[in-house]
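Everything on this sheet refers to the single structure shown next.
The values are calculated or read from the model by the stated rules, or taken from the named source; none is laboratory data. None of these values were measured; they are calculated from a predicted model. Positions of Cβ are backbone-derived with ideal geometry, glycine not excepted, and every protein chain shown enters the neighbour counts. Protein only, heavy atoms only, side chains kept; ligands, DNA and RNA dropped before computing areas. Shrake-Rupley method; radii C 1.70, N 1.55, O 1.52, S 1.80 Å.
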Amino acid sequence: MKLFEPTSFGALRLSNRVVMAPLTRTRAGEHGIPNDLLVEHYRQRAGLGMIITEGTWPVQEGRSYPGQPGIETDEQIAGWRRVADAVHAEGGTIVMQLMHGGRVSHPDISQTPRIVAPSAIAAPGQTHTATGKADMPVPHELTTAEVQDAVRGFAQAARNGIAAGLDGVEVHGANGYLVHEFMSPVSNTRTDQYGGSPENRARFAIEVTTAVAEAVGADRTGIRLSPEHGIQGVIEDDAADVRATYTAIAEGLAPLGLAFIDILHAEPTGDLVQHVRRTAGAPFVVNSGFSALTTRDEAIALVDGDHADAVAAGRPAIANPDLVHRWEQDAELNEARPELFYGVTAEGYTDYPSLAEVRAAV
């Protein structure tokens, strides 16, 4: 089965085609510095073909959640170096997801005077701060010059990630955060070159990814997209507009020679996703896990059916540090404990047993 065969995405070497999806877990403390918990969590999962880390903020203003790690300070870089060293010692490959949260934040979380977005439109609902729930604030609308500052922030964060020893970086262009906010006409009502037409709304994603590729090498750069996800107020429900926007993104990314493109979508074999794949022409990772739990059979069918070059799994990787071994053996899986996905302790994070440990306890 191709799912368990090695492959290469640019400069990235994968021992198999099961990818650990990026998973926010909020264990990095007040200052966003990877600690012993993160080192052990990622070390345990080094058997996955490629780890994509949790969303990591490139600049303080882009921090979305308490306990989320950053890659801006010397201390954060040193913390991530410990993580990378631990994964490499186990033979793994690890890529950092660069996530600027945009309007999905609060000054009490970012500890900055403002949060930013393409337009001065608040994300819906509330967020959790250290002192309790708070309404999402109206963000500062980035000026045209400030948009370029944000691009440079991503590029510097990518350099920092590679300096920390990670094998590559992934631009987070999905799930309602800053890059994704530019794509939707609902969250982006700008009238400059970054708003209006699908081509203009695609521009920021292309410029960020291009800058990152120039900073660290396209063969170490990927991007995550989530068309039609409809999350955190980034609504994409006009099928013609969605196709035009993501066609523009894919056409803009195609000349770069990226290591991979990573798409989250409920229908990974559908026309839209496969159109993006053909247009962008990069190694392709798919993840359907937001609509339903990614299963072994689905992952095998997606890769063997040539709908993707690899499959990303989230919740199965949380609960099963040795997921690839279990899927190879078609063995039983640990059940995930969603109530512990977010926390500050090892419980529900590094205490899931391996298959060998489960069977030894019987």
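Looking at the range 241-280 only, could you name the residues that are in a helix (DSSP H, G or I), open to solvent by less than 10 Å² (accessible area, probe 1.4 Å) and farther than 13 Å from ALA308 by Cβ? Hits for the range 241-280 are VAL242, THR245, TYR246, ILE249, ALA250, LEU253. So is GLU75 of a type in the set (Asp, Glu), more than 30 Å from ALA123 (Cα to Cα), touching a residue at least 40 places away in the same chain (Cβ under 8 Å) and out of contact with any Ser or Thr (no Cβ under 7 Å at 6 or more places or on another chain) or not? Here the answer is yes, as GLU75 does meet what is asked.
In this structure, is ALA155 touching an Asp or Glu at 6+ places or on another chain (Cβ under 9 Å), farther than 27 Å from GLY343 by Cβ, at pLDDT 95 or above and among the small types (Gly, Ala, Ser)? When the stated conditions are applied, ALA155 passes them. If I ask for residues that are within 20 Å of ARG296 (Cβ to Cβ) and of a type in the set (A, V, I, L, M, F, W, C), which ones from the range 16-50 would you list? Within the range 16-50, VAL18, VAL19, MET20, ALA21, LEU23, ALA46, LEU48, MET50 qualify. The set of residues in the range 83-121 being under 22 Å from the mean Cα position of the chain (by Cα), of a type outside the set (Ser, Thr, Tyr) and in a loop (DSSP other than H, G, I, E, B) consists of GLY91, GLY92, MET99, HIS100, GLY101, GLY102, ARG103, VAL104, HIS106, ILE115, PRO118.
Per the conditions (1) part of a helix (DSSP H, G or I); (2) surrounded by 18 or more Cβ atoms within 10 Å (Cβ to Cβ), the sole criterion not satisfied by PRO321 is (1).
Cβ-Cβ distances below 8 Å connect the following pairs, each with a first residue in the range 139-154 that is hydroxyl-bearing (Ser, Thr, Tyr), a second residue that is assigned to a loop (DSSP other than H, G, I, E, B), and a separation of six or more residues or different chains: THR144/ASP192; THR144/GLN193; THR144/TYR194. When ALA130, ALA145, ALA120 are checked against the criterion of being within 18 Å of ARG63 (Cβ to Cβ) and surrounded by fewer than 19 Cβ atoms within 10 Å (Cβ to Cβ), ALA130 stands alone in meeting it. Here PRO185 meets each of (1) assigned to a helix (DSSP H, G or I); (2) open to solvent by 30 Å² or more (accessible area, probe 1.4 Å) with one exception, condition (1).
Conditions (1) part of a loop (DSSP other than H, G, I, E, B); (2) within 22 Å of GLY91 (Cβ to Cβ); (3) modelled with pLDDT under 95; (4) touching a helix residue (DSSP H, G or I) at 6+ places or on another chain (Cβ under 6 Å), marked per residue:
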| position | (1), (2), (3), (4) |
| --- | --- |
| ALA282 | yes, no, no, no |
| ASP297 | no, no, no, no |
| ILE300 | no, no, no, yes |
| VAL303 | no, yes, no, yes |
| ALA317 | no, yes, no, yes |
| GLU328 | no, yes, no, yes |
| TYR352 | yes, yes, no, yes |
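For the range 299-308, indicate whether the set of residues that are more than 24 Å from THR221 (Cβ to Cβ), touching a residue at least 60 places away in the same chain (Cβ under 8 Å) and open to solvent by 10 Å² or more (accessible area, probe 1.4 Å) is non-empty. Looking for residues that are more than 24 Å from THR221 (Cβ to Cβ), touching a residue at least 60 places away in the same chain (Cβ under 8 Å) and open to solvent by 10 Å² or more (accessible area, probe 1.4 Å), one finds at least one in the range 299-308, hence yes.
For the range 80-110, the set of residues classified as of a type in the set (D, E, K, R) and either touching a residue at least 40 places away in the same chain (Cβ under 8 Å) or open to solvent by less than 40 Å² (accessible area, probe 1.4 Å) (or both) consists of ARG81, ARG82, ASP85, GLU90, ARG103, listed by residue number.
Here LEU48 passes the criteria (1) open to solvent by less than 10 Å² (accessible area, probe 1.4 Å); (2) touching an Asp or Glu at 6+ places or on another chain (Cβ under 7 Å) except the one numbered (2). Reported count of residues in the range 6-33, each being crowded, with 17+ Cβ neighbours inside 10 Å and among the charged types (D, E, K, R), is 3.
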